[in-house]
1. Looking only at the range 106-140, count every residue that is touching a Cys at 6+ places or on another chain (Cβ under 8 Å) and surrounded by fewer than 19 Cβ atoms within 10 Å (Cβ to Cβ) and tell me the total.
2. With the requirement that a residue be part of a helix (DSSP H, G or I) and either among the β-branched types (Val, Ile, Thr) or under 27 Å from the mean Cα position of the chain (by Cα) (or both), what does the range 185-206 give you?
3. Look at the range 30-72 and say how many of its residues are surrounded by 24 or more Cβ atoms within 10 Å (Cβ to Cβ) and of a type outside the set (Val, Ile, Thr).
4. Quick one: is Glu470 acidic (Asp, Glu) and modelled with pLDDT of 95 or more?
5. Whether any residue in the range 394-412 is in a helix (DSSP H, G or I), surrounded by fewer than 19 Cβ atoms within 10 Å (Cβ to Cβ), more than 16 Å from the ligand (Cβ to nearest atom) and at pLDDT 95 or above is what I want to check.
6. Would you say Arg20 is assigned by TED's automatic domain parsing to the domain that holds Leu179, within 17 Å of Asp194 (Cα to Cα), modelled with pLDDT of 95 or more and not aliphatic (A, V, I, L, M)?
7. From Asp419, Asp434, grab the single residue that is away from the ligand (no atom under 14 Å from the Cβ), charged (D, E, K, R) and in contact (Cβ under 8 Å) with a residue 12 or more places away in the chain.
8. Could you grab me the full set of residues in the range 9-49 that are closer than 22 Å to Trp125 by Cβ and among the basic types (Lys, Arg)?
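The values are calculated or read from the model by the stated rules, or taken from the named source; none is laboratory data. Because the structure is predicted, anything quoted here is derived from the model rather than measured. Note that we place each Cβ from the backbone using ideal geometry, even for glycine, and neighbour counts take in every protein chain shown.
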Amino acid sequence: PVLVVDYGAQYAQLIARRIREAKVYSEVVPHTHTLEQLLEREPLAIVLSGGPSSVYAEGAPALDPALLDAGIPVFGMCYGFQAMVQASGGTVARTGMGEYGATRLIDLATDSTLFSGQPVEQSVWMSHGDAVTDLPAGFTATAATGGAPIAAFEDPSRRLYGVQWHPEVLHSTFGQQVLENFLRQGAGLTGDWDAGSVIEEQVAAIRERVSDKRVLCGLSGGVDSSVAAALVHKAVGDQLTCVFVDHGLLRQGEAEQVEEDFVASTGVRLVVVDAKDRFLDALAGVTDPEEKRKIIGREFIRVFEQAARDVVGDAAADGHPVEFLVQGTLYPDVVESGGGTGTANIKSHHNVGGLPDDLQFALIEPLRDLFKDEVRKVGLELGVPEAIVWRQPFPGPGLGIRIVGEVTADNLATLRAADEIARHELTAAGLDRDIWQCPVVLLAGVRSVGVQGDGRTYGHPVVLRPVSSEDAMTADWTRIPYDVLATISTRITNEVASVNRVVLDVTSKPPGTIEWE
Ligand code: XMP
């Protein structure tokens, strides 16, 4: 792989994604990796990420100078650039001329490796206080800015490159080209990787590992568990049993997508547990959001546990132990948890609870090297229905936390109908890819006066909460065109009895969270 050394902040994952966009497989490693650990991975190239510290700060992560003489192409960005300078005898100084945000490049060497084929005029995204003032021996400066006399350099004979800015962010107008120039011309990598190649690798690996044992998978209706199940099914066929707990809190048509479309298109053997009444009973009279979450999580794990016992029992009766559990862990989870291997706890889609000790399985996590967009690609190649592959993020507790007030069958039906209309109209307006997710929230505990036909109504409001986001950590409310909002509003109030008002949530996150509960 191409290894991205993570110097902190959030840049490393984005860099890895950009490298994969250039069709070169890439992984993130912590900066605490020693040179030996790096070399063990036989990296085709190494990228040093940006980071929050100054190379002079106490305890700032240093770069082992030997890395620059290991014969491996290296590309330093921002902090990584300065660390290269420091490791090879140049000077990084506090010039008092920091640059933050969009910055114009000057003196760009378009005959250099990184910038060949690019325009002289480029804007790049900067974020630095210190600047490189003395080039280390062997390097040539290839760009400058007003605040950074040496903003980029290279030593093509040793295949070492660096830029002061962040080529991975979209604000750097030719950032992706700079990165590709490094990968192709600097490191000589052709770029023949794509997410689909994971399928064959994983299928072979899973087959070998599972052998003739049985495998269990909990399906939530979301992208990750569906694609993971489809991949494992491709490897071991009917040795896999999927369990889908229908808690009755999914949106219109979603349970059917799992129970019918997913099964029809993948051939997966599916056990459906209809637990709708059980969840409704457990939620009766409960309005506190955290209590709802706890109840839903608890009931889910109990129902899943029982279903798992049944599957395990039946298989054992046939002489086939169930030894494995599939989980849809993705690469960002792996990186965030420090890259460790998973332990045999079920990550239910409620992120709670675990299975009892006598129900422990070895984990199969076939998506743990992939980013979300890559998982979607794999899903499409495996024939998972598009409606599932392109599903927006949906919380495990489902509509249970989108009803402010009590979760009842009536309230669920009302919210489902309103949500269905909003989703349909947003899709029809071509807005799906602009929106990260659009919760529709029923304020079951609120009534307001309205007038419909000739009569006064006393109904409930629904809230539209469309947000744009990269990762759900922060979000902005999406500026949906007024006419689309108008259509949604008119249709909901006309078609959904008991809703007489549609309101738009115009709060970013922070301060608001995406969900209302
Ligand atoms: P918030 O509301 O915290 O949501 O801004 C961030 C993202 O997480 C989802 N979400 C949940 N997902 N269980 C989940 O599996 C939960 O309890 C839960 N609460 C929020 C939310 O939909 C958004 O994508």
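1. Count: 0.
2. Our first condition is that a residue be part of a helix (DSSP H, G or I); within the range 185-206, this holds for 185-186, 197-206.
Listed by number, the residues that qualify are Ser197, Val198, Ile199, Glu200, Glu201, Gln202, Val203, Ala204, Ala205, Ile206.
3. The total comes to 4.
4. Details: acidic (Asp, Glu): yes; modelled with pLDDT of 95 or more: no.
No: the conditions fail for Glu470.
5. Keep residues of the range 394-412 that are in a helix (DSSP H, G or I), which gives 398-401, 409-412.
If we keep only those that are surrounded by fewer than 19 Cβ atoms within 10 Å (Cβ to Cβ) too, we end up with 409-410.
Filter again for more than 16 Å from the ligand (Cβ to nearest atom), leaving 409-410.
Now narrow it down to the ones that are at pLDDT 95 or above: 409-410.
Checking the range 394-412: at least one residue is in a helix (DSSP H, G or I), surrounded by fewer than 19 Cβ atoms within 10 Å (Cβ to Cβ), more than 16 Å from the ligand (Cβ to nearest atom) and at pLDDT 95 or above.
6. On the way: assigned by TED's automatic domain parsing to the domain that holds Leu179: yes; within 17 Å of Asp194 (Cα to Cα): yes; modelled with pLDDT of 95 or more: yes; not aliphatic (A, V, I, L, M): yes.
In short, yes.
7. Details: Asp419 fails: away from the ligand (no atom under 14 Å from the Cβ).
The unique qualifying residue is Asp434.
8. Correct list: Arg17, Arg18, Arg20.
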